[in-house]
Amino acid sequence: VAEDGTVVPGFGLVGIELGTRIDHWRHFVLGQGREFLLNAAAAATAAPTTLVVNSTVDASDVNPGDGVCATGASTCTLRAAVQEANAVDDPNIIEVPAGTYVLTLFGAGEDAAATGDLDITAPVSIVGAGAATTVVDGNGADRVLHLLAPVIEEETPPSVTLSGLTIRNGFTAEDGGG
């Protein structure tokens with residue numbers, strides 16, 4: 001970041017456009033104690049919402065977009081957190097604790113993360129507790145993650161960051177991997 005607070009190339013600040021003036025700083029700690037500074041008011045983007053997964057069960061959010069990650073059992077599952085994150089355009093962080101998260105809601109071909117793969121339509125960082133201890137398993141039935149292109153061609157696809165997790169056992173007969 002330049003002395004005048006302008007973001008310049010080479011600093012790896014994902015989600016902040018080059019040339020954006022930074023006036024207010026906020027301190028974030030992510031993952032394995034890595035620290036960095038990020039502008040909380042950059043480019044009129046709200047501070048990321050953190051959704052904390054607390055169940056390894058595969059269940060949908062009862063009301064995506066209400067700001068609460070909750071299934072019918074009042075837990076926050078990985079699928080429910082993805083659905084909640086998709087409901088807003090602002091970036092979100094999904095924290096996934098150690099465990100194996102097997103996708104069991106079968107049903108390929110829909111794009112709302114309700115069944116099958118976890119469809120991602122909005123900016124999100126999915127942060128696990130470590131690749132050896134946090135596993136997302138597609139159960140061989142569909143892709144594990146499906147990053148969807150924007151509906152309007154001029155828009156850019158969502159920024160997605162994955163760290164501290166293993167993704168395995170995805171499948172698709174279509175192009176685009178598993």
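Taking every pair of distinct Cα atoms and averaging 1/r, then inverting, what Kirkwood hydrodynamic radius in Å comes out for segment 54-174?
14.3 Å
Provide the gained length on full extension for the span Phe106 to Thr75, in nm with one decimal, where the gain is 0.36 nm per separating residue minus the Cα-Cα distance.
The Phe106-Thr75 span can extend by a further 9.2 nm.
With r defined as the distance between the Cβ atoms of Ala98 and Leu148 and R0 fixed at 35 Å, what FRET efficiency is calculated, to the nearest 0.05?
On the way: r = 28 Å, r/R0 = 0.81.
Efficiency computed from Cβ-Cβ geometry: 0.80.
At a 10 angstrom cut-off on C-beta neighbours, averaged per residue, how do the peptides 70-83, 100-113 rank from highest to lowest?
Peptide ranking by packing, descending: 70-83, 100-113.
At 1.4 Å probe size, put Ile93, Ile167 in order of accessible surface, largest to smallest. Numbers along the way, then the final one.
On the way: Ile93 20, Ile167 75 Å².
Output order, biggest surface exposure first: Ile167, Ile93.
The values are calculated or read from the model by the stated rules, or taken from the named source; none is laboratory data. All of these numbers come straight from a predicted model, not from anything done at the bench. Because the Cβ atoms are built from the backbone with ideal geometry, glycine has one as well, and the counts that use them run over all protein chains shown. Ligands, DNA and RNA are stripped out before the accessible areas are found, and what is left, the full protein with its side chains, is counted by its heavy atoms. Shrake-Rupley method; radii C 1.70, N 1.55, O 1.52, S 1.80 Å.
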